[in-house]
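Heads up, the thing below is written out as structure tokens.
The values are calculated or read from the model by the stated rules, or taken from the named source; none is laboratory data. In this text the structure is predicted, and so the values were computed from the model without any measurement. In this analysis, Cβ positions are derived from the backbone assuming ideal geometry, glycine residues included, and neighbour counts consider all displayed protein chains.
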Amino acid sequence: MALNPDLIGRTYPPSEPYLVGREKIREFARSIGDENPAYHDVAVAQGLGHADVVAPPTFAFTFVFASAAVVILDPDLGLDYTKVVHGEQSFVYSRPIVAGDELVVINTIENIRAAAGNDMITVKSVVSTTSGEPVVVTTKVIVARGTGAQ
């Protein structure tokens, strides 16, 4: 079944706040094999002008993708999650994520299109602090295999 294109432009309410933990940053950095000391050592990060350890650029994926459940599970969209693969992701930062940040995500369906028998949904996720400071905008493409027009 094809996705509902009437949802293009739909914006969802902000996510629950996500508190960025120092150990979460360290665990993520270790999991991707990045030993940059600014990701692990508070003193090094502070020496670079940050309040605490800095998150690797792709760290935002850990909580942004979870926040996109409001889109993925929207019954109006008609998405069968069993057919979903992650297509692509981009990040545009206003500033780095650091331990102690409390972040919220607002998701918007930017586009829905068919390509080679698949539906492709583009979701923009705007991440800011709970006080409204912009942090990062991510754009992801989710592919629903075999659901689009040929």
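With the condition kept exactly as written, say whether any residue in segment 51-61 is within 19 Å of residue 103 (Cβ to Cβ) and among the polar types (S, T, N, Q).
yes
Out of segment 78-98, which residues are of a type in the set (A, V, I, L, M, F, W, C), modelled with pLDDT of 95 or more and surrounded by fewer than 21 Cβ atoms within 10 Å (Cβ to Cβ)?
Matches in segment 78-98: 91, 92, 98.
Across segment 116-145, what is the total count of residues that are of a type in the set (Gly, Ala, Ser) and touching an Asp or Glu at 6+ places or on another chain (Cβ under 9 Å)?
2
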